[in-house]
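First up is the structure itself, then whatever we jot down about it.
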Amino acid sequence: MPTPHIRAHSGDFAPAVLMPGDPKRAERIATLILENPRLVTDIRGMLGFTGTVNGQPLSIMGSGMGQPSASIYATELFSHYDVQRIIRIGTAGGISPNVAVGDVVIATGAHTDSAMNQLRIPGVNFSAVADFHLAQAAWEESQRAAANGQLDGKVHAGTIISRDHFYFTPEGQTEKLAAHGVLAVEMEAAALYGIAAHHGTQALAILTVSDHLLDHSSDMSAQERETRFQSALKLAVAAALS
Ligand code: HPA
């Protein structure tokens, strides 16, 4: 039963899917953490893999960049492939002065300038929030890993913003968001949270801060973006299998 954007069959996906933006990163993570990884879809190069971690099934699939792309894959996974939880693992730009490059953000809620959730319930400003159970599992793993000295940077839990533009920001917006305690910016979580609410399923975004919008002095290189996601991945796997 392939769907328009996923060439897989019933049972090809695990109930839990880790979702990086970049399909090549999905492949690298699958190779890194899955026992017996199997390619289950590759339409448009959006690679998806299924295998096991400590015997528990887990899938990893790219989302592409931006809320429309991520929404297509999340909707098809939830509605046709019996997926119950999606954990986005990606990068984000730091906004709060309390957040540093290399830190991890567990996005408990996502503000957005996108219209995707605005269209859901006319007249309602939909609150895009993470699944509490997944956020709690990720947080507990962060406390355990930190106590064992296994984490790279700090872990924060709080709000982010999912913007539609990467290269355009209204003047002063980032500073105002920082003043409202917003930790970071990325481009997918708010829509993902809306889709999970619509399907009665679970979603969470766990983000590695790759650059800081208010201080670019220690932004990650392209290569660092590829390698410095181990802490986020650890929390994501714990949440996915919780
Ligand atoms: N903006 C949006 N998404 C991002 C950024 C950013 O600055 N950095 C990493 N992902």
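Coordinate range of the alpha-carbon atoms in the stretch 74-119 per principal axis, descending: 41, 25, 15 Å. Here the Debye sum runs over all C-alpha atoms of the stretch 1-144 as equal scatterers in vacuum, and log10 of I(q)/I(0) at q = 0.16, 0.21, 0.22 Å⁻¹ comes out as -0.96, -1.44, -1.50. When Lys and Arg each count +1 and Asp and Glu each count -1, what net charge do the other residues less than 13 Å away from Ile106, Cβ to Cβ, add up to? Result for the neighbourhood of Ile106: -2. Our compactness index for the stretch 91-216, the C-alpha radius of gyration over the empirical 2.2 N^0.38 Å, is 1.06. Note on the chain: GNM, Cα springs under 10 Å; of Ile33, Ile206, Ile95, the largest mean-square fluctuation is that of Ile33.
The stretch 1-43 and the stretch 165-179 have Cα centres separated by 34 Å.
Hydrodynamic analysis of the chain uses the Kirkwood radius over alpha carbon pairs. Inserted into Stokes-Einstein at 20 °C and 1.002 mPa s, it gives a translational diffusion coefficient of 121 µm²/s. Note on the chain: GNM, Cα springs under 10 Å; of Lys176, Lys154, Lys24, the largest mean-square fluctuation is that of Lys176. For the peptides 37-43, 12-18, 145-151, the ranking by packing is 12-18, 37-43, 145-151, with the highest mean count of neighbouring Cβ atoms within 10 Å listed first. For the set Arg44, Arg225, the ranking by accessible area, highest first and with no ligand, DNA or RNA atoms included, is Arg44, Arg225 under a 1.4 Å probe. Structure remark: mean-square fluctuation, Gaussian network model of the chain, C-alpha springs under 10 Å; the largest value among Leu204, Leu47, Leu192 belongs to Leu47.
Ordering 129-139, 179-189 by mean Cβ neighbour count within 10 Å, with the highest value first, yields 179-189, 129-139.
The values are calculated or read from the model by the stated rules, or taken from the named source; none is laboratory data. The shown structure was predicted, so the numbers you read here are calculated from the model rather than taken from an experiment. Neighbour counts are summed over all protein chains in view; Cβ atoms, including those assigned to glycine, are modelled from backbone coordinates with ideal geometry. Areas reflect the complete protein model, heavy atoms only, side chains present, ligands, DNA and RNA absent. Shrake-Rupley method; radii C 1.70, N 1.55, O 1.52, S 1.80 Å.
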